[in-house]
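Reviewing the structure listed below.
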Amino acid sequence: MAFNMLNIIFSFSVFSILGWFLEVSYRSLRERRFLNPGLLKGPYLILYGTGSLVLMGCISLFNFYDAGFAAKVLVYFTTTTGLELISGFIGYGLFNIRLWDYSDQPFQYKGHICLKFSVYWVLLAFGFEYLILPSYQSIFDPISPAFKMLFSEGLILIMAIDFAGKSLKNFISPNTPKEKIITETEFMNAARPLLENPALKALSQLNHHRGKTRLEHVKEVAYLSFLWGRRLSLDCNAIVRAGLLHDLFYYDWLHGGPRLHGFKHPNIALKNARKVTCLSKKEEDIIKKHMWPLTIIPPVYMESLIVSLIDTFCSTRDYISFRKYERSGKSIALLDNLESGEKKDEKQYR
């Protein structure tokens with residue numbers, strides 16, 4: 001297989017997927033349950049894709065210099081262990097996630113590498129050189145460049161979106177247990193007065209998106225918007241309050257309600273919200289503009305833009321998800337656990 005950019009990217013894509021299957025098989029059999037071993041959500045492991053390219057480069061050098069067995073062992077040991085160490089540092093340092101933990105193994109370093117698995121990687125590298133790579137070349141060499149390009153570009157795009165989503169989630173999420181407690185406490189201090197109000201509790205009886213109630217939707221929007229607002233040093237109190245009130249209407253928009261619901265319900269929600277609590281100009285703008293650009297007039301405040309974007313994200317995710325919404329979703333489960341206080345009687349507001 002010629003070493004050109006197309007074949008390099010294609011090989012990276014293929015071995016990222018094959019590596020994912022290898023890791024899933026090993027970890028799932030060991031734990032006797034399915035485990036996704038990667039940092040990202042998709043069926044690919046960047047470590048294996050990168051490792052395959054490094055090994056292919058090493059093999060080319062071995063063939064050119066006619067390297068002996070001892071030299072190969074040393075190079076394979078160094079490169080594979082180095083890649084594992086770098087990947088471990090990236091996962092833990094940037095995303096606060098341990099992709100693996102060798103702390104209980106002898107001859108380990110900070111849980112990222114250990115002698116036992118370094119030996120395994122050397123054996124796998126030899127298997128790659130003499131078994132996997134020849135088979136890969138015989139199977140994939142005849143494939144047309146057009147297919148390779150289409151496959152590679154599609155997978156790289158998916159990986160990039162997946163990585164961007166993971167990075168953004170890591171950006172807004174609390175990084176330590178202490179910060180998590182502080183964040184949750186701040187949110188509930190702002191949200192509790194409204195969450196205990198019967199006008200908002202009544203939303204739990206209304207279906208909103210694919211089995212998700214309207215109350216669950218507004219809580220999710222409020223919480224995710226709050227996380228963004230906190231990172232960006234915005235008015236989090238206004239974000240939480242307006243986020244909870246942005247869909248405060250009591251008709252089933254899926255089967256009834258006013259025509260042009262998307263255009264009209266922000267004003268209906270604002271009218272109902274004014275009956276529940278006193279609103280600041282910023283909170284009113286957030287509620288009224290949460291459907292922008294359908295509302296035409298753009299948001300005045302950054303807080304309004306954040307809630308609008310998060311609302312769009314949550315709604316889109318609800319409908320493109322392969323699975324219907326589950327009540328055990330992380331955001332809603334977290335909020336349900338945080339809420340306290342006795343239940344009050346609810347009534348329908350119209």
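Taken together, the residues in the stretch 122-136 that are surrounded by 14 or more Cβ atoms within 10 Å (Cβ to Cβ) and within 34 Å of the chain's Cα centre (by Cα) amount to 7. Here Ile239 fulfils each of the conditions (1) surrounded by fewer than 24 Cβ atoms within 10 Å (Cβ to Cβ); (2) out of contact with any Leu (no Cβ under 7 Å at 6 or more places or on another chain) apart from (1).
Looking at Leu94, Leu85, Leu61, which is the one that is touching a strand residue (DSSP E or B) at 6+ places or on another chain (Cβ under 8 Å), outside any loop (DSSP other than H, G, I, E, B) and of a type in the set (A, V, I, L, M, F, W, C)?
On the way: Leu94 fails: touching a strand residue (DSSP E or B) at 6+ places or on another chain (Cβ under 8 Å); Leu61 fails: touching a strand residue (DSSP E or B) at 6+ places or on another chain (Cβ under 8 Å).
The unique qualifying residue is Leu85.
Could you check how many residues of the stretch 283-305 are more than 14 Å from Leu244 (Cβ to Cβ), touching a residue at least 12 places away in the same chain (Cβ under 8 Å) and of a type in the set (A, V, I, L, M, F, W, C)? Count: 6. Scanning the stretch 76-116 for residues that are closer than 29 Å to Gly165 by Cβ and among the aromatic types (Phe, Trp, Tyr) gives Phe89, Tyr92, Phe95, Trp100, Tyr102. Scanning the stretch 294-306 for any residue that is surrounded by 11 or more Cβ atoms within 10 Å (Cβ to Cβ), assigned to a loop (DSSP other than H, G, I, E, B), in contact with a Phe, Trp or Tyr (Cβ under 7 Å, 6 or more places away or on another chain) and at pLDDT 85 or above turns up at least one such residue.
Within the stretch 137-158, take every residue that is of a type in the set (S, T, N, Q) and surrounded by 11 or more Cβ atoms within 10 Å (Cβ to Cβ) and give me the one that is modelled with the highest pLDDT.
Start the filter on the stretch 137-158 by keeping residues that are of a type in the set (S, T, N, Q), which leaves 137-138, 144, 152.
Okay, now just the ones that are also surrounded by 11 or more Cβ atoms within 10 Å (Cβ to Cβ), so 137, 152.
Working: Gln137: 91, Ser152: 94.
Going through the qualifying residues, I end up with Ser152.
Test Ile268 against the stated conditions and say whether it is modelled with pLDDT under 90 and among the hydrophobic types (A, V, I, L, M, F, W, C).
Values: modelled with pLDDT under 90: no; among the hydrophobic types (A, V, I, L, M, F, W, C): yes.
For Ile268, the condition - modelled with pLDDT under 90 and among the hydrophobic types (A, V, I, L, M, F, W, C) - is not met.
Annotation: of all residues in the stretch 265-282 being without any contact (Cβ under 8 Å) to a residue 40 or more places away in the chain and either among the aliphatic types (A, V, I, L, M) or closer than 17 Å to Val240 by Cβ (or both), the one that is surrounded by the fewest Cβ atoms within 10 Å (Cβ to Cβ) is Cys278. For Pro106, the conditions (1) part of a helix (DSSP H, G or I); (2) exposed (fewer than 13 other Cβ atoms within 10 Å of the Cβ) all hold with the exception of (1). I'd like the full set of residues that are outside any helix (DSSP H, G or I), in contact (Cβ under 8 Å) with a residue 60 or more places away in the chain and surrounded by 15 or more Cβ atoms within 10 Å (Cβ to Cβ), limited to the stretch 1-52. Answer for the stretch 1-52, where residues must be outside any helix (DSSP H, G or I), in contact (Cβ under 8 Å) with a residue 60 or more places away in the chain and surrounded by 15 or more Cβ atoms within 10 Å (Cβ to Cβ): Pro37, Gly38, Leu39, Leu40, Gly42, Tyr44.
Here is a yes/no grid of residues against (1) acidic (Asp, Glu); (2) at pLDDT 95 or above; (3) surrounded by fewer than 21 Cβ atoms within 10 Å (Cβ to Cβ); (4) farther than 20 Å from Ile296 by Cβ:
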| residue | (1), (2), (3), (4) |
| --- | --- |
| Leu206 | no, no, yes, yes |
| Thr213 | no, no, yes, yes |
| Lys219 | no, no, no, yes |
| Gly229 | no, no, no, yes |
| Leu248 | no, no, no, yes |
| Gly257 | no, no, yes, yes |
| Leu260 | no, no, yes, no |
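Here are Glu179, Glu196: which of them is of a type in the set (Asp, Glu), surrounded by fewer than 22 Cβ atoms within 10 Å (Cβ to Cβ), more than 22 Å from Asn272 (Cβ to Cβ) and in the same structural domain as Lys275 (by TED's automatic domain parsing)? Before the answer, list the steps.
Values: Glu196 fails: more than 22 Å from Asn272 (Cβ to Cβ).
Residue meeting the stated conditions: Glu179.
Go through the stretch 1-30 and count every residue that is more than 21 Å from the chain's Cα centre (by Cα) and modelled with pLDDT of 85 or more. Spell out how you get there, then give the answer.
Of the stretch 1-30, the ones more than 21 Å from the chain's Cα centre (by Cα) are 1-12, 14-15, 18, 22, 25-30.
In the following step, the residues that additionally are modelled with pLDDT of 85 or more were identified as 5-12, 14-15, 18, 22, 25-30.
Count: 18.
Of the helices (runs of 4 or more DSSP H) lying entirely inside the stretch 174-266, those containing at least 3 residues that are charged (D, E, K, R) are 177-195, 214-231.
The values are calculated or read from the model by the stated rules, or taken from the named source; none is laboratory data. Just so we're clear, the structure is a prediction, and the values are computed from it rather than from any experiment. Quick reminder, even Gly has a Cβ in these numbers, built from the backbone with ideal geometry, and neighbours come from all protein chains shown.
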